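The structure appears below as structure tokens.
The values are calculated or read from the model by the stated rules, or taken from the named source; none is laboratory data. These numbers were taken from a predicted model, which means no experiment stands behind them. Ideal geometry is used to build each Cβ from the backbone, glycine not excepted, and the neighbour counts take in all protein chains shown.
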Amino acid sequence: MNIIVPVKLVPDLVEELTIDESGTTLDNTWLRLIINEFDDHAIEQAILLKERFGGNITIISPDIEGIDDLFFTAAAKGVDRLVKLVGDFGSGVNNHALARVIASFVRELQHDLVLTGVQAHDDLDGPLGPLLAEYLGIPYIGYITGVNLDDGRATVQKEHPGSLIAEMEVNLPAVLGIQAAEQPPRYVAISKVRQMMKSAIIEEHPIGMLDSTGGPSVSRMYQPQTSERATMLADNPDQAAEQLVAIFIELGVI
Amino acid sequence: MTTVSTNNLMFYDKVLSSTPNGERLKQCLQCGSCSGICPYGYAMDYPPQALIAALRADDLTPVFKSDTIWLCVSCFACTTICPSRIPLTNGLMASMKTEMLLKGDVPSELQTALENTFRYGNTLGESPRKRADWARNLASPVPIMAEIKKPVDVLWYVGDYASYHPRLQPVSRAMANIFQVLGVSFGILGPEENSDGDAQCLAGERGLFEILATKNGKAFNKYQFKEIVTIDPHAYNVIKNEYPSMGFSFPIKHYTQFLTERLDQLKPLLQHELNYRVTYHDPCCIGRANENNIYEEPRQLLTAIPGLSLIEMTHNRTNAICCGGGGGGNWLDGFVWEKARVRLSEWGVREAVEADANILAVACPYEPPRYEDAIKNTKQTGKLAVKDIAELLSEAMGF
């Protein structure tokens, strides 16, 4: 069982985001990147599957500042192979371009299962998973919260709105968009991460020119603007409830 | 002396060899004093003395499966009472916590705090760039070492909570006022400062502690100063007792020591009567921990305030009840509540109210939020308020 986990680093919202002078992208002077939270769950799900069914996990990421630490942490958790895609990931990179690059690399590997985070907060042109599945020519199921493997097939739990869970089967290879791993991403002691810093090998795989066709072009990026539409309710719970009911009736909700 | 016969001595040996005086584990009498005095001993399946018995019997598996280890709040009560002087808190318990971390078995609140520290240099997960924001736009600016570029007498190690926590930032500002009124030449590290590493070290995350100690140690080394002063007992404890093992030795004082040395200068400035009935909670990390024994200085400062009457709680000085926040306990609140159904901070609040105090004076940044929550939980709102000694001094100065 070969499990591939492509991961993205996204802007860390602990730092305040500012727009650069062009007005179409983030100012990267103070930008700090962090693993996409859903990708962290994809790594955890991969490790859970490896623990249950054996196999090999490869994680792939573009060469971005901070990626080595992420790789060493993943290796300390049990990821076997660390692949860094190197090349020009400057302006123009979008999920279409990223999916094409990752697909061309994954196509060369034996890939039974590709796990990606179901979404990332900087996805402007849709999530990575479905694009990747399209370029690889294999099925995609998203919003996954549980995976079981049996004889070349995966049985997955897929979340639907309204707290409905569907159980679906899919032939492998397939791409799964992970909403949440079956358990929260585990802790790994820093001493183990530091051991990996000394011993783990990060492979570098050069990419050619990025093909970003199909993605959007950003005409304006701006901070959310404050409006004055908030209605403050009374402190008294009974009065507040009456006010709420009146507002709901006025809006036609009830 | 008990001899140990076991096929798997690895862990035992590790504890013995990795801790100063670790070999004293062999001298455990099984008297049980540690288990009796442990504030959560009743909730542990393996309180310290039973844990040592399990260790000697080479039967640690059930200990690791139990909830015992993460109930330890590193209050040093067991270490202090042990007749064989076994380093239980920062030896045995920290090593057990390390084993739990290596297994990845850590309650999620604490996991987040450790991951935050690794990534951001503070437990709260705040932007490291904003570490000195509390000190901006004050009437008298707080000097940041990298900006003033000159030697100071006092390098003030502020700490995570005192830098970022909205309840503690006023304490930091009060401390800045006091330094300024006393004419102390001082500076802070600002964004160069990292979490002190005490909680991480006592929570068994030695690797993370080493990273933090190295970053802070290197930052201290960049500047010229006579001594470090901190309002954080945890910073005091770890910089004094653990940083030297990383090659960083600096003279450090808790602010209550520093100010007591200047009591003659301070007293005439305390002109406003504060008619409070005050009781004082002894923080473990300047009290019992590593025999730091800073018990009288905080009391001397409090009794210097005109109008203030100092009352003692039943548990004080060496037998003070921990607030529950040490050794990672600050981030185990939900976990501990589930197992023990009581918070140590709530015991403290009840004792303060029974002592007929209306102010609980503290000298540790974890404590105002912990005790204020406990006041709400025990429905004592209005009867008791929590103030740091720096806040009381500042108030008595008329700020």
(message) Against the definition (without any contact (Cβ under 8 Å) to a residue 60 or more places away in the chain and exposed (fewer than 10 other Cβ atoms within 10 Å of the Cβ)), how does A:Ser217 come out, yes or no?
(response) yes
(request) Please indicate, with yes or no, whether at least one residue in segment A:77-99 is over 16 Å from the mean Cα position of the chain (by Cα) and within 14 Å of chain B (Cβ to nearest Cβ). (result) yes
(request) Determine which member of the set A:Leu85, A:Leu17 is touching a Pro at 6+ places or on another chain (Cβ under 9 Å) and either under 19 Å from A:Leu132 (Cα atoms) or modelled with pLDDT of 95 or more (or both). (result) A:Leu85
(message) List the helices (runs of 4 or more DSSP H) inside segment B:199-273, counting only whole elements, that have at least 1 residues being surrounded by 19 or more Cβ atoms within 10 Å (Cβ to Cβ), touching a residue at least 12 places away in the same chain (Cβ under 8 Å) and under 15 Å from the mean Cα position of the chain (by Cα).
(response) B:206-221, B:233-241, B:255-260
(request) For residues that are among the basic types (Lys, Arg) and either touching a residue at least 12 places away in the same chain (Cβ under 8 Å) or farther than 24 Å from A:Lys77 by Cβ (or both), scanning just segment B:77-134, find the one that is nearest to the other protein chains (Cβ to nearest Cβ). (result) B:Arg129
(message) Which residue is nearest to A:Ile138 (Cα to Cα), if the candidates are limited to segment A:190-208 and must be among the hydrophobic types (A, V, I, L, M, F, W, C) and touching a residue at least 40 places away in the same chain (Cβ under 8 Å)?
(response) A:Ile207
(request) Six or more apart or on different chains, Cβ under 6 Å: which pairs go from a residue in segment A:35-52 that's within 14 Å of A:Leu9 (Cβ to Cβ) to one that's assigned to a helix (DSSP H, G or I) and hydrophobic (A, V, I, L, M, F, W, C)? Could you list them? (result) A:Ile35/A:Leu70; A:Ile43/A:Ala74
(message) Considering only residues that are more than 26 Å from A:Gly137 (Cβ to Cβ) and over 21 Å from the mean Cα position of the chain (by Cα), which ones fall in segment A:157-183?
(response) A:Gly162, A:Ser163, A:Leu164
(request) Please identify the pairs in which a residue from segment B:299-313 that is touching a residue at least 24 places away in the same chain (Cβ under 8 Å) and farther than 12 Å from B:Ala396 by Cβ has its Cβ atom under 7 Å from the Cβ atom of a residue that is buried (at least 19 other Cβ atoms within 10 Å of the Cβ) and of a type in the set (Ser, Thr, Tyr), counting only partners at least 6 apart or on another chain. (result) B:Gln300/B:Thr260; B:Leu310/B:Tyr280; B:Ile311/B:Thr279; B:Glu312/B:Thr279; B:Met313/B:Thr279
(request) Determine whether segment A:57-67 contains at least one residue that is over 30 Å from B:Asp133 (Cα atoms), out of contact with any Pro (no Cβ under 9 Å at 6 or more places or on another chain), outside any loop (DSSP other than H, G, I, E, B) and within 12 Å of chain B (Cβ to nearest Cβ). (result) no
(message) What's the number of the only condition in (1) assigned to a loop (DSSP other than H, G, I, E, B); (2) under 28 Å from B:Ala219 (Cα atoms); (3) touching a Phe, Trp or Tyr at 6+ places or on another chain (Cβ under 6 Å) that B:Lys150 fails to meet?
(response) (3)
(message) Return the residues of segment B:274-300 that are surrounded by 17 or more Cβ atoms within 10 Å (Cβ to Cβ), outside any loop (DSSP other than H, G, I, E, B) and within 20 Å of the chain's Cα centre (by Cα); say none if nothing qualifies.
(response) B:Thr279, B:Tyr280, B:Ala289, B:Asn290, B:Glu297, B:Pro298, B:Arg299
(request) Quick one: count up the residues across segment A:186-236 that are assigned to a loop (DSSP other than H, G, I, E, B), within 14 Å of chain B (Cβ to nearest Cβ) and of a type in the set (Val, Ile, Thr). (result) 1
(request) Go through segment B:161-182 and give me each residue that's touching a residue at least 40 places away in the same chain (Cβ under 8 Å) and closer than 18 Å to B:Gly121 by Cβ. (result) B:Tyr161, B:Ala162, B:Ser163, B:Tyr164, B:His165, B:Leu168, B:Ser172
(message) Quick check on segment A:1-24: of everything there that is among the charged types (D, E, K, R) and without any contact (Cβ under 8 Å) to a residue 24 or more places away in the chain, which residue is nearest to the other protein chains (Cβ to nearest Cβ)?
(response) A:Glu15
(request) Could you list all residues from segment A:135-178 that are at pLDDT 95 or above, of a type in the set (D, E, K, R) and farther than 18 Å from A:Gln119 by Cβ? (result) A:Arg153, A:Glu167, A:Glu169
(message) Would you confirm whether or not segment A:25-42 contains a residue that is surrounded by fewer than 19 Cβ atoms within 10 Å (Cβ to Cβ), modelled with pLDDT of 95 or more and not hydrophobic (A, V, I, L, M, F, W, C)?
(response) yes
(request) Go through the residues of segment A:165-179 one by one and say whether even a single one is within 14 Å of another protein chain (Cβ to nearest Cβ) and in contact with a Leu (Cβ under 6 Å, 6 or more places away or on another chain). (result) no
